[in-house]
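Report on the structure given below.
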Amino acid sequence: MTAAPNPEAEHAIADIARRHGLSRDSVLAMAAALRNGGGTMAQFSIPELGGSGQWMRGGMTMVGDMFDHSLKARVDALCNELAQLLSTTQVFPEQTNWWPADLGVPSSTGGQNDTRYAVFPAARRLAVQMRGVTRVFDTAEHRIGGVQQQQGGPSGTVHFTSQLGTFDISSLREVGGAAPPTPAAPVGDDPATIIAAIESLAGLHARGILSDDEFATKKAELLARL
């Protein structure tokens, strides 16, 4: 159930619902989805708007019927207006942050289904909450600049992008946990497999999992197979 808006936002929600020809509950549900997506993205399931869909500011709009362009335009217009409202008005009551307080202020937050994330570049940390359980990861050399959310996918399928490429939390060291395992050496001398292995090692080296010497040695071994 979507939380009730603050009294000062109630009139704005009702006005947006009237102008967009939607029920108050549908507009409120979209506003909550946008709040969970940090005001820049939303994953929603609203019957009045075609069921399940996704919206990203300045990017894609996905609805149940991918060929219904008028519905896409309707969702885009609604989300843009609600995003503006969320940036200027405290629509929902204040909530206690779900991430550890010592991480500071996140540069971005968002969510998908029952997974939420918060990025802390200054502390080089990524907080992820899945099914109510919060875990913190060391982002090492990653400078996270984007998120890829898979519509309809299982929990924990959020992927992040950085200057080092696309990755998920399985490649990061959980704070207080063990480092992710190093992939086994490739079997055979197929050039494509060897190149892929070198790229994987480069990623581990960039994250500090492999030292300079370890990376150089393993890379030389693989290059010798070409």
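What the table below lists for this structure:
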{"quantity": "Hits in region 70-113 - residues which are in a loop (DSSP other than H, G, I, E, B), touching a strand residue (DSSP E or B) at 6+ places or on another chain (Cβ under 9 Å), under 25 Å from residue 6 (Cβ atoms) and not hydrophobic (A, V, I, L, M, F, W, C)", "calculated": "97, 106"}
{"quantity": "In region 1-32, the residues that are of a type in the set (A, V, I, L, M, F, W, C), surrounded by 15 or more Cβ atoms within 10 Å (Cβ to Cβ) and part of a loop (DSSP other than H, G, I, E, B)", "calculated": "22"}
{"quantity": "Residue in region 33-44 that is part of a helix (DSSP H, G or I) and either among the β-branched types (Val, Ile, Thr) or out of contact with any helix residue (DSSP H, G or I) (no Cβ under 8 Å at 6 or more places or on another chain) (or both) present", "calculated": "yes"}
{"quantity": "Qualifying residue in region 142-151 (condition: assigned to a strand (DSSP E or B), over 17 Å from residue 56 (Cα atoms), out of contact with any Lys or Arg (no Cβ under 7 Å at 6 or more places or on another chain) and at pLDDT 75 or above)", "calculated": "no"}
{"quantity": "Residue among 140, 122 that is touching a Gly at 6+ places or on another chain (Cβ under 8 Å), of a type outside the set (Lys, Arg) and without any contact (Cβ under 8 Å) to a residue 40 or more places away in the chain", "calculated": "122"}
{"quantity": "Residue 42 being in contact with a Leu (Cβ under 7 Å, 6 or more places away or on another chain) and at pLDDT 90 or above", "calculated": "no"}
{"quantity": "Hits in region 114-135 - residues which are in a strand (DSSP E or B), more than 17 Å from residue 148 (Cβ to Cβ) and out of contact with any helix residue (DSSP H, G or I) (no Cβ under 7 Å at 6 or more places or on another chain)", "calculated": "129, 133, 134, 135"}
{"quantity": "Residue that is outside the structural domain of residue 145 (by TED's automatic domain parsing) and either under 23 Å from residue 109 (Cα atoms) or within 20 Å of the chain's Cα centre (by Cα) (or both), where the choices are 81, 48", "calculated": "81"}
{"quantity": "Of all residues making up region 46-69, the number that are free of Cβ contacts under 8 Å to residues at least 40 places away in the same chain and either under 24 Å from residue 6 (Cβ atoms) or among the hydrophobic types (A, V, I, L, M, F, W, C) (or both)", "calculated": "10"}
{"quantity": "Meets criteria (in contact with a Leu (Cβ under 9 Å, 6 or more places away or on another chain) and either aliphatic (A, V, I, L, M) or farther than 25 Å from residue 53 by Cα (or both)) for residue 82", "calculated": "yes"}
{"quantity": "Filter pass, residue 76 being farther than 23 Å from residue 130 by Cβ and under 22 Å from the mean Cα position of the chain (by Cα)", "calculated": "yes"}
{"quantity": "Matching residues in region 197-217 - criterion: being modelled with pLDDT of 70 or more, farther than 17 Å from residue 169 by Cβ and not β-branched (Val, Ile, Thr)", "calculated": "197, 199, 201, 202, 211, 212, 213, 214, 215, 216"}
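The values are calculated or read from the model by the stated rules, or taken from the named source; none is laboratory data. Just so we're clear, the structure is a prediction, and the values are computed from it rather than from any experiment. No Cβ is skipped: glycine too gets one built from the backbone with ideal geometry, and neighbour counts run over all protein chains shown.
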